[in-house]
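Below is one structure, written out as C-alpha cells; the observations come after it.
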Amino acid sequence: MKHPAPTHAVDMLIVGAGFAGLYMLHKARSMGLDALVLEAAPGVGGTWYHNRYPGARVDIQSMEYSFSFDEALQQQWRWSERYAPQPELLRYANHVADRFGLRDGIRLSTRMAGAHFDEPSQRWTVQAESGESWSARFLVMASGPLSSPNLPDFAGLKDFAGPVYHTANWPHEPVDFSARRVAVIGTGSSAVQAIPIIARQASELTVFQRTAAYAAPAHNGPLDRELEARIKADYAGFRARNRRMHGGFGSLLPPNPVSALAASAEEREAAFEQRWKIGGFAILGTFNDLLMNEQSNALVAEFVRGKIRAIVKHPGTAQLLSPTHTIGCKRLCVDSGYYDTFNRPNVRLVDINQAPIERITSKGLRTGGREFEFDALVLATGFDAMTGTMMRLDLRGRDGLRIQDKWHAGPLNYLGLGIAGFPNLFNIAGPGSTSAFTNVIVAIEHHVDWIADCIAYLDAHGLHTIEASEQAEAAWAEHVNAAARRTVFLSCNSWYLGANIEGKPCMFMPLAEGFPRYADHCAQVARDGYVGFVLQ
Ligand code: N01
C-alpha cells in the first residue's frame, strides 16, 4: 500500500488516550518532545471510556488504582468508593487530561490505520483512517491489552430482532431493561459485574454460561476516610511499598508467607474465611502458594465452591455455578451479589458448555435442542486480548515486515517493550510484561518511565534507534513461558493464552514472575546499556 507523504512531523506518536497514553504524553512533553496522541474514541479514558456496562468498576482498590507520578494530584483527588465505578474513573482520566494541559496534544476521533517504518529517514510514517499521516521518530503503542472486543461469530446473530450490546462497547445513553426479557452470554468479570444489576431491572434474565466463574465479594462501599488519610500521610511510601508487591498492589495486606499445605484444615478454613470477609483479591494471598501449587489451589477453590453452595439455594444451579478449573487461572472476578442473583425468581442459568449455542434466532437462541426467547441480548464475551488491537493494524517494520507475519505464532517481544524488526516502537503493558497481572497503572507508569529513560539515553549517546534483538526475543519468550510453568496459569483456557479466540495461536502472553522481579530486570537491562537491544 502506497501512502502520501506525511503531512506533519512529531518526535513521538502515541496510540491511545487511556491512562497509558495520557501519562506518556505528559512525560514526553516534560522531556521537551513534540508528541501527539491519536485516539479513536471521541473522548479520553480508554477502557473507562468504552466499558460503560451496568456495574462496571475497577477490581483494584481506588487508592491503589490511580497515578502516583504527581504528589499534588494524588493528594487532591478524592475517590468516593473503595472500588471506583466507571463514571468516576472516566472523570479522573478527564481531570488528568485537563490538569496537565494535555488536550491540545490529543487528536480524538482519529483511528490509526497503520504505520510503516521508513528506512531512509529511520522514522515511522503513521496513517489515520481519515487519510492524514504523520512522521514520527518514536511510535508508542498505548492501545491497551483489553481494547478489541471479542464478538464470537454466532450463527444467525444478524437475525436477532432486538438490540445486541457488547459490554466493552456499551451505548452512552442509559439502557433501560425494565419489563424486558434479557439474555447475557458469558460469565467473566464483565458479566459478573453486570448480571446483578440487569437482574434487578429486567423482567426475566437468562444467563448462558460456558465456564463457571470464581468470584470473591468486593464488599464495596464508601471509601474509608480514615484509611484515605493514613495513606495520604505518606502516599509516596505507600506507592513504593506497593511496587514491591507481586501485583503492584496490596501492601496493606501482604500474602501470608506460608504454604496452604503447612496449615491444618481448621487453620486454613479460618484463614480463608478471614480473607473472604476482607474481600477482593485478598483471598488469593491467604497462603503464598495458591497460584503456584495445584494442591494448594484446590483447597481455596473448594472453599469458594463451599461459599457458592451456601449462597445459592437451588442445588442444581449451585452445582452449575461451581467452577471446576483452578482458581485464579482465569482472572478472579470481584463481585457484588453475583451468586445470590441466581436465587431470584426472574433469573435462570443455562449451561452452554455441554450443548453450545446452535444459532441465534429472530426471537432468541437455540441450544441443546431448546429455544430461549428474549428481547435484548448482552454479549459479555471479552476481548481479543493483548494482541488483538495491534494485529488489526497495517503495521510494518523494517523491510516491510508485517506485524501479522512477525506474530503469526505468538507475540514475540523483548521485555514486552520492544519488537525485533520494529525500531523505536514501544509497547506499553502488552504481552511479555507483567501487564494484566499487575495493578495496570503501576505497569503503565513503569513502562512510560522506562521509555523516557531509554530515549534520554539514546539522545545522550548520539544514537537514533533502538530495536530488540531476535536472540533476546527468543530468550524472553522462554523466560515468559518458564514463569508461567511455575504457576497454575497454564491449566485452563484463558485470554492470557489466547485460548478464548478461535484460531489465535496459544502462547502465554503476560509475564507471571511478579512486578518487582520484572521491574528489576528492566532496570538492569537499562543499566547495562540496553543489552538485548540493538542501538544505532
Ligand atoms: O471477558 P472474559 P470479560 N460462546 O474473557 C464467554 C478485565 N475486566 O470482559 O470462559 C460462549 O473474562 C467466556 O467463556 P469461557 C479483567 O482483566 C476487569 O468478562 O471462554 N461463551 C467467558 O465466560 C478480565 O479478566 C473488570 O468458556 C463465550 C466470557 O464470555 C478481562 O477484562 C471488569 C464465547 C468472557 O469472559 C476480561 O473480562 C471487566 C462463545 N463463543 C473486565 N466466547 C474489573 O473488575 C466467550 N465466551 C476491573
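The values are calculated or read from the model by the stated rules, or taken from the named source; none is laboratory data. Quantities reported herein were computed from a predicted structural model and do not represent experimental measurements. Glycine gets a Cβ as well: all are built from the backbone with ideal geometry, and neighbour counts include every protein chain shown. Protein only, heavy atoms only, side chains kept; ligands, DNA and RNA dropped before computing areas. Shrake-Rupley method; radii C 1.70, N 1.55, O 1.52, S 1.80 Å.
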Per the filter on region 366-376, residues over 30 Å from the mean Cα position of the chain (by Cα) and on the phi < 0 side of the Ramachandran plot are 366, 367, 370, 371, 372, 373, 374, 375
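Within region 297-308, can one find any residue that is out of contact with any Gly (no Cβ under 6 Å at 6 or more places or on another chain), assigned to a helix (DSSP H, G or I), aliphatic (A, V, I, L, M) and free of Cβ contacts under 8 Å to residues at least 12 places away in the same chain? Walk me through how you get there before you give the answer.
From region 297-308, those out of contact with any Gly (no Cβ under 6 Å at 6 or more places or on another chain) are 297-308; that's our starting set.
When the remaining residues are screened for being assigned to a helix (DSSP H, G or I), the result is 297-308.
Keeping just the survivors that are aliphatic (A, V, I, L, M) gives 298-301, 304, 308.
If we keep only those that are free of Cβ contacts under 8 Å to residues at least 12 places away in the same chain too, we end up with none.
No, because not a single residue in region 297-308 is out of contact with any Gly (no Cβ under 6 Å at 6 or more places or on another chain), assigned to a helix (DSSP H, G or I), aliphatic (A, V, I, L, M) and free of Cβ contacts under 8 Å to residues at least 12 places away in the same chain.
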Filtering region 365-387 for residues that are away from the ligand (no atom under 15 Å from the Cβ) and open to solvent by less than 30 Å² (accessible area, probe 1.4 Å) leaves a count of 2
Go through region 201-232 and count every residue that is among the charged types (D, E, K, R), in contact (Cβ under 8 Å) with a residue 12 or more places away in the chain and open to solvent by 10 Å² or more (accessible area, probe 1.4 Å).
-> 4
Answer residue from region 447-468, given it is assigned to a helix (DSSP H, G or I) and open to solvent by 30 Å² or more (accessible area, probe 1.4 Å) and is nearest to residue 24 (Cα to Cα) among those = 449
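In region 183-200, which residues are away from the ligand (no atom under 16 Å from the Cβ) and open to solvent by less than 60 Å² (accessible area, probe 1.4 Å)?
Step one: list which residues in region 183-200 are away from the ligand (no atom under 16 Å from the Cβ), which gives 199-200.
199, the sole residue that qualifies.
Taking the stated definitions as given, is residue 296 among the hydroxyl-bearing types (Ser, Thr, Tyr) and either open to solvent by 20 Å² or more (accessible area, probe 1.4 Å) or at pLDDT below 95 (or both)? First the steps, then the outcome.
On the way: among the hydroxyl-bearing types (Ser, Thr, Tyr): yes; either open to solvent by 20 Å² or more (accessible area, probe 1.4 Å) or at pLDDT below 95 (or both): no.
No.
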Is there any pair with a first residue in region 343-370 that is under 22 Å from residue 316 (Cβ atoms) and a second that is basic (Lys, Arg) and within 11 Å of the ligand (Cβ to nearest atom) whose Cβ atoms are under 7 Å apart and which are 6 or more apart or on different chains, and what are they?
-> 352/210; 353/210
Name every residue in region 156-168 that is surrounded by 14 or more Cβ atoms within 10 Å (Cβ to Cβ) and either assigned to a helix (DSSP H, G or I) or over 27 Å from the mean Cα position of the chain (by Cα) (or both), in order of residue number.
-> 156, 157, 160, 162, 167, 168
Does region 257-275 contain at least one residue that is touching a residue at least 40 places away in the same chain (Cβ under 8 Å) and in a loop (DSSP other than H, G, I, E, B)?
-> no
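Residue-wise test of (1) open to solvent by 60 Å² or more (accessible area, probe 1.4 Å); (2) in contact with a helix residue (DSSP H, G or I) (Cβ under 6 Å, 6 or more places away or on another chain); (3) among the charged types (D, E, K, R); (4) in contact (Cβ under 8 Å) with a residue 24 or more places away in the chain.
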| residue | (1), (2), (3), (4) |
| --- | --- |
| 470 | yes, no, yes, yes |
| 473 | no, no, yes, yes |
| 477 | no, no, no, yes |
| 484 | no, yes, no, yes |
| 494 | no, no, no, yes |
| 499 | no, no, no, no |
| 510 | no, yes, no, yes |
Of everything in region 169-182 that's over 24 Å from residue 356 (Cα atoms) and either open to solvent by less than 20 Å² (accessible area, probe 1.4 Å) or part of a strand (DSSP E or B) (or both), which residue is farthest from the ligand (Cβ to nearest atom)?
-> 178
The one condition in (1) in contact (Cβ under 8 Å) with a residue 60 or more places away in the chain; (2) among the β-branched types (Val, Ile, Thr); (3) not in a loop (DSSP other than H, G, I, E, B) that residue 324 fails to fulfil = (3)
